[in-house]
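What follows is one structure encoded as structure tokens, with my remarks underneath.
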Amino acid sequence: MISAFDIARPLLFALEPEAAHELTLKSLERGVFRRATERDPDCLRIAIGELSFPNPIGIAAGFDKDARVPDAVLDLGCGFAEIGTVTPLPQAGNPRPRVFRLPEDRAVINRLGFNNAGHAAALRRLTARTRRGIVGVNVGANKDAVDRAADYVLGIETFHNVASYFTVNISSPNTPGLRDLQAPAALDELLARVMEVRTRIDAAGRGKRPVIVKIAPDIAADDVAAIAERMMAHRVDAIAVSNTTLTRTGLVGRHRNEAGGLSGRPLFERSTAMLARVFEATGGRVPLIGIGGVDSGETALAKIEAGASLIQLYTGLIYEGPALIPRIKAHIARAIARAGARSIGDLTGVKASQWAKKDLRS
């Protein structure tokens with residue numbers, strides 16, 4: 001069956017990628033997309049801390065940087081939305097062009113550089129929300145920040161009353177030096193400060209907000225255990241695996257040599273193997289969010305079997321359209337039924353050992 005997206009795709013792909021993205025956001029703001037009305041089956045419900053997600057599917061940060069359409073994302077049938085990455089001060093990001101489609105590879109390369117309108121603009125929109133639904137805030141640091149950890153702390157303080165959870169993004173390859181915060185010593189200092197402010201806010205009776213840390217797929221294999229140990233020592237609530245990759249193995253698209261982070265189908269194997277390694281390093285005791293190359297029900301299920309409790313996608317939507325969301329949910333529900341299981345949790349990590357053995361050197 002031909003969908004509205006199938007008709008619109010040639011128009012969107014005729015536009016420069018950022019222009020197409022802006023058109024998509026404006027369409028969501030104006031309610032052009034059909035709202036999902038079917039109730040999710042109970043087997044798709046999953047809890048992370050005190051949050052109960054109606055289904056495990058969300059759209060990754062970068063799609064809605066400035067909190068323009070979180071409710072429209074929920075209306076597409078997602079179990080949660082995540083805005084950002086948002087930095088304290090507005091910043092323009094890197095020079096254009098900075099987003100490149102690779103249709104032959106079902107991939108995208110971007111070097112956006114945390115372009116966003118800053119805390120104040122996002123806070124204003126989130127404060128104006130009137131409906132319920134899980135909306136996380138992905139916080140980052142300004143490019144020229146002297147004390148980057150302070151920017152993350154400020155993000156927690158600023159959005160605490162309007163965020164369902166926080167994602168601490170230390171994994172973008174497009175802000176120079178940002179990934180250095182993943183090194184165990186730097187990570188230790190950052191998490192100590194982030195969790196201290198969260199604890200202080202909790203003690204004031206303002207309610208606990210889960211803190212998720214988002215890591216890169218390019219972490220050296222020997223560093224995974226140390227990074228996981230620091231995460232557990234600071235009692236982070238979940239780990240998101242992963243952001244975009246700097247690798248370019250096997251690409252054929254004409255933009256394959258552009259600088260920036262690669263997302264989409266070529267990222268699937270690497271990010272899923274890294275997910276499984278983190279699952280094993282944490283002993284399955286920390287919930288994981290699987291991100292990278294999810295463009296079908298099969299790839300989403302593979303993330304769960306490798307260790308994910310929740311799934312985020314973005315590039316897959318560029319190529320498959322919003323109908324991808326109900327297709328994924330239906331596929332996971334069928335897999336749960338086939339396994340004679342009751343919930344996603346029964347399938348989480350069942351193939352982690354196989355995925356963890358895959359070679360990450362390519």
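Could you give the length gained by full extension between residue 35 and residue 339, i.e. 0.36 nm per residue of separation minus their alpha carbon distance, to one decimal place?
Values: separation 304, 0.36 × 304 = 109.44 nm, distance 3.05 nm.
Extra length available between residue 35 and residue 339 comes to 106.4 nm.
All other residues with a Cβ under 12 Å from the Cβ of residue 71 taken together, and with Lys, Arg as +1 and Asp, Glu as -1, what is their net charge? Don't skip to the answer; put the middle values down first.
Working: positive: 35, 68, 125, 129, 131, 132; negative: 29, 64, 75.
Taking every Cβ under 12 Å from that of residue 71, the sum is +3.
Semi-axes of the equivalent ellipsoid for the chain, please: Cα gyration tensor eigenvalues, times 5, square-rooted, ordered largest first, whole Å. The partial results should precede the final answer.
Working: eigenvalues 136, 117, 103 Å².
Equivalent-ellipsoid dimensions as semi-axes: 26, 24, 23 Å.
By the scheme Lys and Arg +1, Asp and Glu -1, what is the net charge of all other residues having a beta-carbon under 11 Å from that of residue 256? All intermediate terms of the calculation are to be shown ahead of the outcome.
Details: positive: 248, 254; negative: 104, 105, 258.
Once positives and negatives cancel, what remains is -1.
Find out how many positive minus negative residues lie around residue 148, taking Lys and Arg as positive, Asp and Glu as negative, among other residues whose Cβ is under 12 Å from that of residue 148. Display every interim value, and only then the final one.
Numbers: positive: 143, 179, 193; negative: 144, 147, 151, 180, 189.
Value of the local net charge: -2.
How big, on average over all directions, is the shadow cast by the Cα convex hull of region 277-362, in nm²?
On the way: hull surface 23.9 nm².
Directional mean of the projected Cα hull area for region 277-362 stands at 6.0 nm².
Considering only DSSP states other than H, G, I, E and B, which trypsin sites (Lys or Arg not before Pro) in region 73-142 qualify as loop sites with at most 15 other Cβ atoms within 10 Å? Could you put the intermediate results ahead of the total?
Details: sites: 98, 101, 106, 111, 124, 125, 129, 131, 132; in loops: 98, 106, 111, 129, 131, 132.
For trypsin sites (Lys or Arg not before Pro) across region 73-142 that sit outside H, G, I, E and B with at most 15 neighbouring Cβ atoms in 10 Å, the list reads 129, 131, 132.
Quote to one decimal, in nm, the extra length available between residue 193 and residue 50 on full extension: 0.36 nm per residue of separation minus the C-alpha distance between them. Can you show the working numbers first?
Values: separation 143, 0.36 × 143 = 51.48 nm, distance 2.24 nm.
Extra length available between residue 193 and residue 50 comes to 49.2 nm.
Amide H to amide H, which residues 5 or more places from residue 53 or on other chains are under 5 Å from it, using H placed in the peptide plane?
Sorted by chain and number, the residues that satisfy this are 46, 47, 48.
Can you compute 3J(HN,Hα) from phi for each residue in region 274-284, using the Karplus curve 6.51 cos²θ - 1.76 cosθ + 1.60 with θ = phi - 60°, rounded to whole Hz and x for Gly and Pro?
Per-residue couplings from phi come out as 5, 4, 5, 5, 5, 4, 5, 5, 8, x, x Hz.
If you plug each phi of region 258-272 into the Karplus form 6.51 cos²θ - 1.76 cosθ + 1.60 with θ = phi - 60°, what whole-Hz ³J(HN,Hα) values come out, in order, with x for Gly and Pro?
3J(HN,Hα) across region 258-272, in whole Hz: 5, 6, x, x, 9, 10, x, 3, x, 7, 4, 4, 4, 5, 6.
What ³J(HN,Hα) values, in whole Hz, does the Karplus curve 6.51 cos²θ - 1.76 cosθ + 1.60 give for region 236-242 when θ = phi - 60°, with x put for Gly and Pro?
With the stated coefficients, region 236-242 comes to 5, 7, 6, 10, 9, 10, 7 Hz.
Which FRET efficiency value, to the nearest 0.05, do you get for residue 223 and residue 144 by plugging their Cβ-Cβ distance into 1/(1 + (r/R0)^6) with R0 = 35 Å?
Values: r = 27 Å, r/R0 = 0.78.
Once rounded, the FRET efficiency stands at 0.80.
From Cα coordinates alone, what are the radius of gyration and Dmax values for region 174-260 in angstrom?
Final numbers for Rg and Dmax: 16.3, 54 Å.
Taking GluC sites (Glu not before Pro) as exposed when DSSP calls them loop (any state but H, G, I, E, B) and at most 16 other Cβ atoms lie within 10 Å, what is the longest stretch of the chain free of them, the sites themselves excluded? Mind dumping the intermediate values first?
Values: sites that count: 38, 50.
Between the exposed loop sites, the longest stretch runs 51-362.
A short reminder: the numbers here are calculations on the coordinates, not readings from a lab. If you're wondering where the values come from, they're calculated on a predicted model, not measured in any experiment. Quick reminder, even Gly has a Cβ in these numbers, built from the backbone with ideal geometry, and neighbours come from all protein chains shown.
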